[in-house]
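My questions will all concern the structure given below.
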Amino acid sequence: MDLNGSKRHEGSRKAPGRGWYALAVLPAICGFAVMGVILFTSLSKLDDGLEQIVVPGARELKLEPGRHTVFLEYNSVVDGRVYRVDQVSGLAVRVEAANGAPVAVRAPTGSSYYTMGGGQGEAINVFDVEQAGAYRISADYDGAAGPQTVIAVGQGFMGALLASVFGGLGAAFLGVFLASGAALWVYLARRRVRQN
């Protein structure tokens with residue numbers, strides 16, 4: 001009689017309602033929300049790490065030791081003015097320390113592009129700074145004619161950009177993974193009850 005009572009008790013167990021599927025989606029929604037927050041907050045700060053220079057021209061920047069990248073901005077805004085170029089050739093970038101000593105400037109080993117806030121840039125040069133201090137960065141066409149455009153100098157910009165993007169994607173994928181697991185749990189729970 002105890003066995004029959006146990007069977008009746010087991011058979012009376014209710015399956016999770018379909019509404020549980022809606023709850024299972026919540027982790028995915030939260031994951032995408034976190035991705036949006038990460039991208040919005042981090043990408044808005046990345047602009048602060050880029051120092052723009054209208055060229056032909058020069059600007060003195062205070063730089064920290066390490067590798068710095070020079071980007072050519074195809075679309076940019078400086079002091080309310082819009083600069084757009086399709087292609088630039090012959091632009092020579094020079095870097096000098098405060099004492100006038102030149103700093104070696106070279107082409108980057110790989111291609112780096114970014115599109116952010118309506119601006120587009122491509123890495124065209126890199127240089128290494130050994131001591132913190134003021135450095136004069138200039139660019140021109142070596143006496144030839146060329147369009148007025150904008151270069152931007154940043155340190156660790158691409159690494160920070162990739163970290164932000166992959167961090168946001170990681171949050172989204174984790175949310176989808178948890179949501180899939182929750183939905184599978186609901187499905188299996190409903191199936192077990194139906195089979196009993």
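Looking at Arg67, is it outside any helix (DSSP H, G or I), within 30 Å of Val186 (Cβ to Cβ), of a type in the set (D, E, K, R) and modelled with pLDDT under 90? Explain how you work it out, then say what you get.
Numbers: outside any helix (DSSP H, G or I): yes; within 30 Å of Val186 (Cβ to Cβ): no; of a type in the set (D, E, K, R): yes; modelled with pLDDT under 90: yes.
No: the conditions fail for Arg67.
From the list Val126, Val95, which residue is free of Cβ contacts under 8 Å to residues at least 60 places away in the same chain and touching a His at 6+ places or on another chain (Cβ under 8 Å)? Talk me through it step by step, then tell me what you get.
Details: Val95 fails: touching a His at 6+ places or on another chain (Cβ under 8 Å).
That would be Val126, the only listed residue that is free of Cβ contacts under 8 Å to residues at least 60 places away in the same chain and touching a His at 6+ places or on another chain (Cβ under 8 Å).
I'd like to check which strands (runs of 3 or more DSSP E) are fully inside the stretch 77-151 and have at least 1 residues that are polar (S, T, N, Q).
Fully inside the stretch 77-151 and qualifying: 113-116, 119-129, 133-140.
Would you say Glu122 is in contact with a Phe, Trp or Tyr (Cβ under 7 Å, 6 or more places away or on another chain), at pLDDT 85 or above and among the charged types (D, E, K, R)?
Yes.
Among the residues of the stretch 72-105, what is the count of those that are surrounded by 10 or more Cβ atoms within 10 Å (Cβ to Cβ), more than 22 Å from Gly143 (Cβ to Cβ) and not aliphatic (A, V, I, L, M)?
Looking only at that region, the number is 6.
Continuing with this model, one more query. If you check Ile29, Ile53, which single one turns out to be modelled with pLDDT of 90 or more and aliphatic (A, V, I, L, M)?
Of the residues listed, the single one that is modelled with pLDDT of 90 or more and aliphatic (A, V, I, L, M) is Ile53.
Could I ask something else about it? Output the residues belonging to the stretch 61-91 that are touching a Ser or Thr at 6+ places or on another chain (Cβ under 9 Å) and closer than 13 Å to Asn125 by Cα.
Thr69, Phe71, Leu72, Glu73, Leu91
The values are calculated or read from the model by the stated rules, or taken from the named source; none is laboratory data. For clarity, every value in this text was computed on a predicted model and none was experimentally measured. Positions of Cβ are backbone-derived with ideal geometry, glycine not excepted, and every protein chain shown enters the neighbour counts.
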